[in-house]
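J.: Dumping the structure here so I can ask a few things about it.
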Amino acid sequence: RSSSTIANPTVGETVDIAVAHSCLKTPLVHLPQELRDELERKGPDGKKVGKAYRSRAILVPEADREAWARRRLAAAGLDPASIHLGSHRYISLGSARRGMPFVEIVARACVVDAERFAAARVNGLGKGRNYGLGLIQLNH
């Protein structure tokens with residue numbers, strides 16, 4: 001058996017990456033105060049008894065995608081110097097389900113947090129990892 005390891009880049013090292021990343025976001029919810037109070041209501045024992053509220057995920061608007069992609073890469077321990085985004089496409093989730101939208105992110109970035117970047121390389125980024133999204137392709 002042969003074993004090979006790929007060294008993780010260190011802080012300050014420049015890397016070229018490509019990742020197909022799900023481009024969904026959950027918008028901020030602007031609720032009237034009386035509804036917010038109901039959602040946050042607690043019973044006599046201090047446990048929350050209010051109803052749950054979830055906002056629906058939406059496609060990241062094209063005008064916001066570069067800033068969104070920079071935030072996603074920053075969360076993975078990278079500071080992108082240059083970034084290129086492809087147009088959004090859909091990955092199939094099976095015959096009975098809708099596809100999941102994604103964009104291809106290609107970037108040259110500096111590693112600013114080696115631990116977070118190493119974790120992102122192992123775990124992937126964002127949603128859809130079961131379908132092959134979020135896997136980082138690395139050249140350094």
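J.: If His30, His84, His21 are ordered by their accessible area, calculated over protein heavy atoms with a 1.4 Å probe, which sequence runs from highest to lowest?
T.: Of His30, His84, His21, the descending order of accessible area is His30, His84, His21.
J.: How much area per residue is accessible in the chain when the probe is 1.4 Å and only protein heavy atoms are counted (Å²)?
T.: Computed with neighbouring chains in place, this is 69 Å² per residue.
J.: Which angle between 0 and 90 degrees, to the nearest 10, do you get for helix 65-75 versus the longest principal axis of the chain when only C-alpha atoms count?
T.: 80 degrees
J.: Run the reach check for Lys47 against aspartates and glutamates, Cα to Cα strictly under 18 Å, same-chain hits fewer than 8 apart removed. What comes back?
T.: Candidates past the 8-residue exclusion: Asp37, Glu38.
J.: Just read off the accessible area of Cys110 with the full protein assembly in place, 1.4 Å probe, to the nearest 10 Å².
T.: Accessible surface of Cys110 is approximately 40 Å².
J.: Taking each pair of distinct Cα atoms in the stretch 24-140 once, what is the resulting Kirkwood hydrodynamic radius in Å?
T.: 17.0 Å
J.: At 7 Å along the Cα-to-beta-carbon direction for both Glu13 and Leu39, put a label point, then send me their distance in nm to one decimal.
T.: About 4.3 nm, to one decimal.
J.: Now for a separate question. Keeping all protein chains in the complex and leaving out DNA, RNA and ligands, what accessible area do you get for Asp79 with a 1.4 Å probe, in Å² to the nearest 10?
T.: 90 Å²
J.: Here is a further query. Can you give the extra length, in nm with one decimal, that the chain gains between Asn123 and Leu31 once fully stretched, where that is 0.36 nm per residue apart less the Cα-Cα distance?
T.: Values: separation 92, 0.36 × 92 = 33.12 nm, distance 3.43 nm.
In short, 29.7 nm is gained.
J.: Of the heavy-atom accessible surface of the chain (probe 1.4 angstrom), what whole percent is carbon and sulfur?
T.: 49 percent
J.: What percent do you get for the relative contact order of the chain when only Cα pairs under 8 Å and 6+ apart count?
T.: Once divided by the residue count of the chain, the mean separation gives 37 percent.
J.: Amide H to amide H under 5 Å from Ala20: which residues, 5+ apart in sequence or cross-chain, H placed 1.01 Å off N in plane?
T.: Under 5 Å from the amide H of Ala20 lie the amide H atoms of Ile105, Gly134, Leu135, each far enough along the sequence or on another chain.
The values are calculated or read from the model by the stated rules, or taken from the named source; none is laboratory data. The structure presented is a predicted model; accordingly, all values stated were derived computationally and were not measured. No Cβ is skipped: glycine too gets one built from the backbone with ideal geometry, and neighbour counts run over all protein chains shown. Keep in mind that these areas ignore ligands, DNA and RNA; they rest on the heavy atoms of the full protein, side chains included. Shrake-Rupley method; radii C 1.70, N 1.55, O 1.52, S 1.80 Å.
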